Amino acid sequence: MSAPFIEHRGVVRRIEGGKAIVAMETGGCSACGHVSACGVGKMAGDRPATLLTVPLEAGVAVGDVVTVGLPAAGLSASAVLGYLFPAIAMLLGAALAAAFDGRDGVTALGAMGGFLAALILARFAVALAPRLMPAPRLVPIRTPSSPISIQEFHHD
């Protein structure tokens, strides 16, 4: 049994230096089963396709329809490092600064310091443990379940 993957379809636009530039669909990802009610999918709406740079897999060529997959655990770790950790550090920095000197300016500086410290620590954590931010995997679709054309993915 393998770990759950979040997958999204796209079309390879170009290949540069061992990386594939993939035009991604702008709808929901269907990972949670709420595609029609997905807030992210609704916000994406009619926007142009997003271009994503992904490590190139063997046998992938320009124009291929592919699936870009990311382990769900990797997305959770990214969310914690990118959103939760900086928010908590910002609140902690503000609380420490307020305890040290109760002025509003010092409290704001403490909040900014905590936020910046969290970003720096997260950067070091990813450098020391690259598994915290796994690279997406590119999988060619040999026989797509529904026909898709390159024209469906537009990017301006």
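Read the figures in this text as sums done on the coordinates, not as results from a lab. Nothing here was measured: the structure is a model prediction, and the numbers come from that model. Here the Cβ is made from the backbone with ideal geometry for all residues, glycine too, and neighbour counts use every protein chain on show.
Give me the extension gain from Ile120 to Leu51: residue separation times 0.36 nm, minus the current Cα-Cα distance, reported in nm with one decimal. Before the final figure, lay out the partial values.
Values: separation 69, 0.36 × 69 = 24.84 nm, distance 2.68 nm.
Extra length available between Ile120 and Leu51 comes to 22.2 nm.
Could you work out how much longer the chain between Leu91 and Ile141 gets when fully extended? Use 0.36 nm per residue separation minus the Cα distance between them, nm to one decimal.
So the extension gain works out to 13.5 nm.
How far apart, in nm, are two points set 7 Å out from the Cα along the Cα-to-Cβ line at Val80 and at Ala61?
4.3
Take the Cα radius of gyration of the range 69-115 and divide it by 2.2 N^0.38 Å, with N its residue count; two decimals is plenty.
Dividing the Cα radius of gyration by 2.2 N^0.38 Å gives 1.51.
So, R0 is 30 Å and r is the distance between the beta-carbons of Asp104 and Ile6; what FRET efficiency does that work out to, to 0.05?
Efficiency, rounded to the nearest 0.05: 0.10.
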